[in-house]
Each structure stands twice: as C-alpha cells, then as structure tokens.
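Visitor: One structure, pasted below without further comment.
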Amino acid sequence: MPGHRSSAILFSMENKPPQRNIALTVSVLSAFVVPFMGSSVNIALPSIGREFSLDAVMLNWIATAYILSAAMLLLPFGKVADMRGRARMLISGITVMMLASLGCALAGSETVLIACRFAQGMGGAIIFGTSTAILTSVFPANERGKVLGYTVASTYFGLSCGPVLGGFLVHNLGWRSIFWVTVPLCAAAFIAALRLDRRHEPDLKKFDFAGSLLYGISLVSLVYGFSLLPRVSGAVSVILGMAGIAGFIVLENTIPNPLLNISLFVKNRVFAFSNLSALINYSATFATGFLLSLYLQYVKGLSPQHAGMVLIFQPVVMALFSPFAGRLSDRIEPRIVSSAGMALCCTGIFLLSRIQNNTGMTFIMADLAVLGLGFALFSSPNTNAVMSSVERKDYGVASATLGTMRMVGQMLSMGVAMLVIALFVGKVKITPEYFPQFLRSVQVCFAIFAVLCFAGIFSSLVRGKLR
C-alpha cells in the first residue's frame with residue numbers, strides 16, 4: 001500500500017548514519033544551550049537588577065518567565081511535533097531560541113527582557129519536546145542508551161559551565177554577554193538541523209486546544225498569584241489557577257486524544273508516584289541556585305565570577321555521580337536508590353536553612369556537593385523507574401510527562417521563592433538595609449523546601465516495585 005511504502009522509505013532515510021550524526025549533533029548542542037542559559041542567568045541577576053533598578057520580585061520574574069513558558073508549552077508543542085513533524089518543529093524551536101536570545105542581549109528595559117525570556121522558554125519547550133524524540137527515532141535500540149548518555153553529559157556540562165563561564169562573562173563583559181554567547185551556539189544547531197530529513201507522515205488526530213489553553217492559563221494564574229500575595233488579588237489568582245488545573249485533569253479524562261494521558265497515573269502506581277517524586281524534588285531543589293546566587297553576591301559580597309565558582313560544586317558532583325547512580329539502579333531497586341537521593345537532598349537543603357551572614361564558604365560548597373550527590377542518586381534512578389514502568393508504546397508519553405513534571409516543579413520552586421521574598425522583603429531593591437529581611441526569606445524558603453523533600457522521601461518509597 002502507498003502509505004506503508006512511504007513509511008518504509010521514511011524509516012530508511014531517517015536511519016542512515018548521516019542522519020544519526022546530525023541528530024546527535026543537534027541534540028548535544030541543544031542539551032548544552034538550554035541549561036547553560038538557565039544557570040548563567042542566575043549569576044547575572046544582581047547585575048541586571050542594578051542596571052534596571054529592579055526589586056526582588058521583578059528579579060524573580062526574569063528567572064521565572066523562561067520556566068513558566070517552557071512548563072506551559074512543553075506538552076502542547078510535543079503533541080504538535082508528533083502531528084506535524086519533529087524536524088520542522090525543532091528548526092522552529094532553535095530559531096525562536098536564537099532570536100529571543102538576541103532580543104535579551106539588546107533589551108532596553110525589564111519588560112522587554114522578561115518578554116524575551118518568555119520567548120526563550122517557548123523555544124526551549126519546542127527543543128525539549130522534539131530533540132530527544134528525534135534522537136530515539138533514528139538510532140537503533142542497542143545504541144540509544146549510549147547516545148542519550150551523550151545528551152545527559154552535555155546537559156550537566158551546560159549546568160556546570162553556566163555558573164563559571166556565566167560568572168566570568170558577567171564580571172568582565174557585562175550581563176548581556178551571556179545572551180550574545182548563546183546566539184552563535186543556536187546558529188550552529190540551526191545549521192545542523194537544516195540537514196535533518198523533514199519528511200513526515202501526518203498524524204490526523206485532533207489537537208487538544210481546550211486542554212492546552214486551560215493548562216497554560218492555569219499555570220500563569222498560579223505563578224502570577226504567587227507574586228501578588230499576600231494581597232487578596234494574589235490569593236484569588238492562586239485559587240483560580242489551582243481550580244483550573246483541577247478542571248484540566250477532569251477534562252483530560254473525558255476526551256479521546258488528551259494532551260496528558262491521565263489514565264497512566266490512575267492505573268500505574270509506579271509511574272504515578274515516580275512522577276510525583278520528580279515534581280516534589282524539582283519543586284524543592286530548583287530555586288537553590290537562584291537563592292544562593294543572590295545570597296553570595298548581595299550578603300557575602302562576592303563578584304559574579306567568584307559566586308559562579310562556588311555554585312559549580314553541585315552540577316559537577318551531579319555530572320560525576322549520575323552515570324554511577326543509573327548503573328546502580330539497574331542492580332538495586334530504583335525506588336531505594338532514588339529515595340536515598342531524596343533523603344540526601346532533604347539533609348542538604350535543611351542545612352542551607354541555617355545559613356547566616358557569617359556562614360563559611362567551605363560549609364556552603366560542601367553542602368552543595370551533598371545536594372549534587374543527592375540529586376544524582378535521585379534523578380537517574382527515578383527516570384529509570386518511570387521509563388521501565390510503561391510499555392514501549394508509551395515511551396513518548398512517559399518521557400513528555402516526566403519532562404512536564406520537571407518544568408512544573410521548577411516553576412513551583414521559583415513561585416515559592418517569589419512568594420516568600422515578596423512577604424519578607426517586598427517590592428524593593430535588595431540594598432544593605434534590607435539584607436536581614438532577605439536573609440530571613442532565604443532561610444524560610446529552604447525550610448519549606450526541606451519539608452517538601454522530607455515528604456518526597458515517602459512518595460518515592462511507596463511507589464512499589466517494578467514488575
């Protein structure tokens with residue numbers, strides 16, 4: 001039949017070695033750029049705040065706009081890519097990321113910068129939703145683990161370079177330089193992506209517009225409400241956001257082609273609790289870099305370069321131990337390894353809740369190393385548990401769901417930080433007279449995150465064994 005013949009030709013073309021090399025190149029470049037951007041922006045925030053005279057809440061929005069956008073759009077764009085062609089979508093995503101980075105570098109106001117950061121998140125969502133799927137589709141099963149390992153290594157390399165290279169750039173060339181550096185990296189990925197085979201068998205399933213719209217509006221309402229609290233309008237916005245998410249879950253159970261497959265959560269205990277554990281872990285850990293970057297530069301008076309040298313300890317330990325943790329979870333039940341990692345994260349975050357003006361750098365670096373080890377022990381085994389809990393036909397759904405848990409967790413983590421800083425510091429610039437209130441807000445944030453992590457230990461343990 002013609003359809004079968006065209007599918008066979010497409011499969012043959014996609015699996016030629018040149019296509020594999022191109023897909024790997026694009027994935028590795030993309031896997032570096034996105035985390036590098038996130039971790040380097042944290043280092044740049046005080047410098048951005050000084051140039052635009054921003055208060056603490058607005059500084060948080062510069063970091064949060066990207067995460068909120070990516071969390072809103074990851075699932076919808078992943079769905080569109082399956083329907084319209086992943087290679088085409090990937091090229092679009094890299095283009096958006098490149099243009100948005102250029103916009104950030106040229107931004108003349110905080111409003112333009114936040115809008116461009118939101119656009120960066122849109123590009124990141126398209127890249128997240130397509131690059132790994134393309135890589136998985138063009139490599140045979142016996143090589144996928146190896147090439148996915150390259151992208152994981154590139155991700156952690158980006159996280160590691162962000163504080164150091166970002167700190168160096170900000171210190172010597174100004175905060176705009178971190179966005180200028182991103183432009184040629186995106187351009188290289190774009191040129192490589194143009195060589196991908198863009199033929200695609202169209203998927204005629206209906207797109208879940210209602211679910212996508214409700215999901216996106218609910219997340220925006222939730223995060224915006226956090227920034228307005230304790231005002232009544234903030235509480236109303238948060239309640240509406242939570243109600244919208246509940247309505248989204250109900251809606252997804254009633255339509256034939258949902259944006260998010262809720263039935264997997266209902267029928268699969270391991271899948272449900274593994275994703276819940278990921279949500280809790282990212283909610284409790286992601287804002288660490290943001291809070292410590294501000295603490296080190298404001299309270300401790302470090303330069304962006306020196307602050308970056310301190311913050312590098314966590315991603316380096318994560319990069320070193322993640323492969324070991326993944327192999328360990330092949331021999332020991334993943335829930336045991338990931339629960340131990342969650343417990344280490346809980347310990348590290350609790351210790352950070354005790355930091356003071358005079359806390360030593362050695363303590364902070366050692367604590368970041370503990371957090372890095374905990375995250376390494378949690379992340380790889382938890383991913384293993386998620387992917388091993390579903391059948392092969394559900395790999396794409398499982399991967400997109402886990403990615404969504406990660407992005408929503410990051411968004412909630414920044415939302416909590418935004419709320420606490422708004423309550424303790426308010427909408428003022430972080431100047432020396434406000435350092436005591438800022439330090440108190442950091443301590444409260446880490447105390448909340450420690451409680452979350454403690455609950456996460458149990459959600460990780462009760463998931464049950466893989467069949």
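The values are calculated or read from the model by the stated rules, or taken from the named source; none is laboratory data. All of these numbers come straight from a predicted model, not from anything done at the bench. Glycine also receives a Cβ, built like all others from the backbone with ideal geometry; neighbour counts cover every protein chain displayed.
Visitor: Taking residue 99, is it modelled with pLDDT of 85 or more and either closer than 30 Å to residue 212 by Cα or not assigned by TED's automatic domain parsing to the domain that holds residue 405 (or both)?
Guide: Details: modelled with pLDDT of 85 or more: yes; either closer than 30 Å to residue 212 by Cα or not assigned by TED's automatic domain parsing to the domain that holds residue 405 (or both): yes.
It is true that residue 99 is modelled with pLDDT of 85 or more and either closer than 30 Å to residue 212 by Cα or not assigned by TED's automatic domain parsing to the domain that holds residue 405 (or both).
Visitor: Right, here's the next one. Being surrounded by 18 or more Cβ atoms within 10 Å (Cβ to Cβ) and either modelled with pLDDT under 80 or in the same structural domain as residue 63 (by TED's automatic domain parsing) (or both) narrows it down to one residue among 341, 326, 374; which is it?
Guide: Numbers: 341 fails: either modelled with pLDDT under 80 or in the same structural domain as residue 63 (by TED's automatic domain parsing) (or both); 374 fails: either modelled with pLDDT under 80 or in the same structural domain as residue 63 (by TED's automatic domain parsing) (or both).
Sole residue among the options that is surrounded by 18 or more Cβ atoms within 10 Å (Cβ to Cβ) and either modelled with pLDDT under 80 or in the same structural domain as residue 63 (by TED's automatic domain parsing) (or both): 326.
Visitor: Kindly indicate which of 293, 303, 233, 274 is of a type in the set (Gly, Ala, Ser), in contact with a helix residue (DSSP H, G or I) (Cβ under 6 Å, 6 or more places away or on another chain) and farther than 30 Å from residue 169 by Cβ. Steps first, please.
Guide: Values: 293 fails: farther than 30 Å from residue 169 by Cβ; 303 fails: farther than 30 Å from residue 169 by Cβ; 233 fails: in contact with a helix residue (DSSP H, G or I) (Cβ under 6 Å, 6 or more places away or on another chain).
That would be 274, the only listed residue that is of a type in the set (Gly, Ala, Ser), in contact with a helix residue (DSSP H, G or I) (Cβ under 6 Å, 6 or more places away or on another chain) and farther than 30 Å from residue 169 by Cβ.
Visitor: Can you tell me which of (1) in contact with an Asp or Glu (Cβ under 8 Å, 6 or more places away or on another chain); (2) farther than 25 Å from residue 314 by Cα; (3) crowded, with 20+ Cβ neighbours inside 10 Å is the one residue 427 doesn't meet?
Guide: The single condition residue 427 does not satisfy is (3).
Visitor: In this structure, is residue 127 under 25 Å from residue 408 (Cβ atoms), of a type in the set (A, V, I, L, M) and surrounded by 24 or more Cβ atoms within 10 Å (Cβ to Cβ)? Steps first, please.
Guide: Values: under 25 Å from residue 408 (Cβ atoms): yes; of a type in the set (A, V, I, L, M): yes; surrounded by 24 or more Cβ atoms within 10 Å (Cβ to Cβ): yes.
Judged against the criteria, residue 127 is a match.
Visitor: May I ask you to verify whether residue 362 is of a type outside the set (Lys, Arg) and without any contact (Cβ under 8 Å) to a residue 12 or more places away in the chain? Give the steps one after another, and end with the answer.
Guide: Numbers: of a type outside the set (Lys, Arg): yes; without any contact (Cβ under 8 Å) to a residue 12 or more places away in the chain: yes.
Yes: the conditions hold for residue 362.
Visitor: Here are 445, 453: which of them is surrounded by 15 or more Cβ atoms within 10 Å (Cβ to Cβ) and either under 29 Å from residue 269 (Cα atoms) or among the hydroxyl-bearing types (Ser, Thr, Tyr) (or both)?
Guide: From the options 445, 453, the qualifying one is 453.
Visitor: Answer with yes or no whether residue 229 is closer than 26 Å to residue 400 by Cβ and outside the structural domain of residue 402 (by TED's automatic domain parsing). Quick ask: steps written out before the conclusion?
Guide: On the way: closer than 26 Å to residue 400 by Cβ: no; outside the structural domain of residue 402 (by TED's automatic domain parsing): yes.
No, not satisfied.
Visitor: In this structure, does residue 301 turn out to be assigned to a loop (DSSP other than H, G, I, E, B) and either surrounded by fewer than 20 Cβ atoms within 10 Å (Cβ to Cβ) or of a type in the set (Gly, Ala, Ser) (or both)? Write out each step before concluding.
Guide: Details: assigned to a loop (DSSP other than H, G, I, E, B): yes; either surrounded by fewer than 20 Cβ atoms within 10 Å (Cβ to Cβ) or of a type in the set (Gly, Ala, Ser) (or both): yes.
Yes.
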